[in-house]
Amino acid sequence: MTEFTRRTVSPFRFDIVGSFLRPRQLKEARAKYQAGQLSRQELTAVEDAAIIDLIKKEEAAGLHAVTDGEFRRSWWHLDFIWGLHGIEKATAQEGYGFHDETTRAETAKVSGKVSGEHHPFVDHFKFTRDHVSAGTEVKQTIPSPAQAYFEFLRPENIPTVKEHYSSFDAFASDLVTAYRQVVADLYAAGCRTLQLDDCTWSTYADFAQHPEHIQTAGFDVQQLEKLEEQSVDLNNAVIDDQPADLVINTHDCRGNYHSTWAATGGYGPVADPLFTKENVTAFYLEYDSDRAGGFEPLAAVPDDKYVVLGLVTSKSGQLEDQQAIIKRIHEAAKFHPLDKLCLSPQCGFASTEEGNVLTEEQQWKKIALIKDIANEVWG
């Protein structure tokens, strides 16, 4: 019988991406807060209670690394970006385009020199840290530096960068410094598992396989070729030279908004440089649909890195067949060692506060299924 390495740090064989469906009382409180009917302090109290309840459910489900469900956020990425000094919330010309929907029209603008002191996510982490049981790891999720940079390539945001910076390279340098400040503060607060969420790679892969999408997005081919290398450089500038006991992973998916998606196509076109050059411990990858392509690109992942297979969809409540998922895990193992594979949902259950179209009961059944499968495959 094959003996597999026992995972004591992230990623775990049975894992999650990060976000969970917001409970009704939290959604109602946020709506009242937006309408001016609830104070910030009152909203925080509702958030605190919801997060404590979520932590208990995560631990009861057997998760070794838990999150706050991203319950204090509206977006998986923008709230972090807004938390940096020199960046402000802004109205976009239009929302992000998804397959069946367009999101709320929100973005970020540069309002001064960017820095990362006193980021609100640090206090958010401390709260979660203080409410987990002994031995439970708290995973902090933030958008990747490349994702944050990409936000300012939107046509309406470019002038705000140029107003405060002589070049985009100078802006990128400050962005990296700001990120490293936040990471240092999180580490000082006890964070040992950091996840960089990143949709830029799925965008590049989509463009490579659907050139007609490039112009629609306002880019040109030459610019995109540079962006791939720049994205790796930006991410590695934050990942490299961190404390040895800080595990940094990345989640690369194709968009997740109200059960819809933004990009399509396999990881092949971006396997190099993503898998070959990004210095993370693990890649959390979306593999729940035909849009994700085959497992062949996993051959490019170095053997010392982990791949967390997102084979269970978070986009619907329909429960997958356990044996079918196990079969797919073994198919993936033809291209990357089985001992270096783990299992999770393909994405979070609520990348934005709207959440995906499934119930909380279905959400937890998905988590239970993943645990059962992981136990059967890896013991």
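Residues that are within 16 Å of Ile16 (Cα to Cα), of a type in the set (A, V, I, L, M, F, W, C), open to solvent by less than 50 Å² (accessible area, probe 1.4 Å) and touching a residue at least 12 places away in the same chain (Cβ under 8 Å): does the range 350-357 have at least one? Yes, because at least one residue in the range 350-357 is within 16 Å of Ile16 (Cα to Cα), of a type in the set (A, V, I, L, M, F, W, C), open to solvent by less than 50 Å² (accessible area, probe 1.4 Å) and touching a residue at least 12 places away in the same chain (Cβ under 8 Å). Restricting to the range 12-30, and then to whatever is more than 19 Å from the chain's Cα centre (by Cα) and open to solvent by less than 60 Å² (accessible area, probe 1.4 Å), can you tell me which residue is farthest from Cys347 (Cα to Cα)? Step by step, filter the range 12-30, then rank; the result is Ala29. When Phe275, Phe219, Phe283 are checked against the criterion of being modelled with pLDDT of 90 or more, aromatic (Phe, Trp, Tyr) and either in a helix (DSSP H, G or I) or surrounded by fewer than 23 Cβ atoms within 10 Å (Cβ to Cβ) (or both), Phe275 stands alone in meeting it.
Each residue in the range 112-121 was checked for being of a type outside the set (Phe, Trp, Tyr), in contact with a strand residue (DSSP E or B) (Cβ under 9 Å, 6 or more places away or on another chain) and within 13 Å of Gly83 (Cβ to Cβ), and 6 of them qualify. I need the full set of residues from the range 12-25 which are closer than 20 Å to Glu137 by Cα and outside any loop (DSSP other than H, G, I, E, B), in order please. Within the range 12-25, Phe14 is the sole residue that qualifies. The residue that is surrounded by the most Cβ atoms within 10 Å (Cβ to Cβ), counting only those in the range 187-202 that are of a type in the set (A, V, I, L, M) and over 17 Å from Asp252 (Cα atoms), is Ala189.
On inspection, Val9 qualifies as in a loop (DSSP other than H, G, I, E, B), of a type in the set (A, V, I, L, M) and surrounded by fewer than 22 Cβ atoms within 10 Å (Cβ to Cβ). Here are Lys315, Lys334, Lys340, Lys327: which of them is closer than 14 Å to Tyr284 by Cα and open to solvent by 10 Å² or more (accessible area, probe 1.4 Å)? It is Lys340. Scanning the range 151-201 for residues that are within 19 Å of the chain's Cα centre (by Cα) and either among the basic types (Lys, Arg) or at positive phi (or both) yields Arg180, Arg192. For first residues located in the range 327-346 and touching a residue at least 12 places away in the same chain (Cβ under 8 Å), partners that are open to solvent by 50 Å² or more (accessible area, probe 1.4 Å) and of a type in the set (A, V, I, L, M) and lie 6+ apart or on another chain with Cβ distances below 9 Å form the pairs Lys334/Ala299; Phe335/Ala299; His336/Ala299. There is at least one residue in the range 125-133 that is hydroxyl-bearing (Ser, Thr, Tyr), out of contact with any Ser or Thr (no Cβ under 9 Å at 6 or more places or on another chain) and either open to solvent by 10 Å² or more (accessible area, probe 1.4 Å) or under 22 Å from Val232 (Cα atoms) (or both). If you go through the range 325-379 and keep only what is closer than 30 Å to Glu106 by Cα and not in a loop (DSSP other than H, G, I, E, B), you end up with Ser344, Pro345, Thr352, Glu360, Gln362, Gln363.
The values are calculated or read from the model by the stated rules, or taken from the named source; none is laboratory data. Note that this is a predicted model, so its numbers are computed, not measured. We place every Cβ from the backbone using ideal geometry, glycine too, and count neighbours over all the protein chains shown. Protein only, heavy atoms only, side chains kept; ligands, DNA and RNA dropped before computing areas. Shrake-Rupley method; radii C 1.70, N 1.55, O 1.52, S 1.80 Å.
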